[in-house]
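Working notes for the structure below.
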Amino acid sequence: MSIEHLDRIDAISINSEDKVILTISDHLDWDDEQLHSTMLQDKIFAYLEFMESGQMLEIYPDAKDRLAGIMVDLKYAPTEFGSAVLQNIKNFFDAKSIEFRWEILE
């Protein structure tokens with residue numbers, strides 16, 4: 001799975017803090033910053049819709065009564081522009097009290 005598949009959840013799990021984590025696998029480089037950031041934002045907000053619509057509970061009943069968050073696993077380090085986009089998304093999710101994190105896989 002990848003950010004190119006908006007209709008799929010790449011991974012869903014419960015972490016050591018008992019939170020449901022929806023993970024996005026981002027394999028794209030940042031050569032085309034605009035396209036990459038648009039695709040990533042589309043995938044992230046598809047995940048948000050999955051969470052807020054109740055679909056998550058239908059498909060993954062273990063999510064009941066647990067906090068949820070989104071994790072983006074990046075294959076490539078974001079550019080300065082990409083980092084700013086990710087930070088803006090984090091700020092948006094912070095205001096909704098939803099955890100949003102990303103990490104660069106090595």
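No value in this document is a laboratory result; all are computed from the given coordinates. No experiment lies behind these values; they were computed from the predicted model shown. So basically every Cβ, Gly included, is an ideal-geometry build from the backbone, and we count neighbours across all protein chains shown.
A few remarks follow.
- The C-alpha atoms of the chain define a longest principal axis, and helix 33-52 lies at about 10 degrees to it.
- Protection-proxy order for peptides 44-55, 10-21, each taking the mean of Cβ atoms within 10 Å per residue, highest first: 44-55, 10-21
- Extension gain, HIS5 to THR79, is 24.4 nm, computed as 0.36 nm per intervening residue step minus the present C-alpha separation.
- Against the main long axis of the alpha-carbon atoms of the chain, helix 80-95 sits at an angle near 20°.
- Taking every alpha-carbon pair under 8 Å whose residues sit at least 6 apart, the stretch 11-104 reaches a relative contact order of 35 percent.
- Taking amide hydrogens as placed 1.01 Å from N in the peptide plane, the amide H of PHE100 sits under 5 Å from those of ILE70, each at least 5 positions away in sequence or on another chain.
- Excluding same-chain neighbours fewer than eight residues apart, the aspartates and glutamates reachable from LYS19 by a Cα-Cα span under 15 Å are ASP62, ASP65, GLU99.
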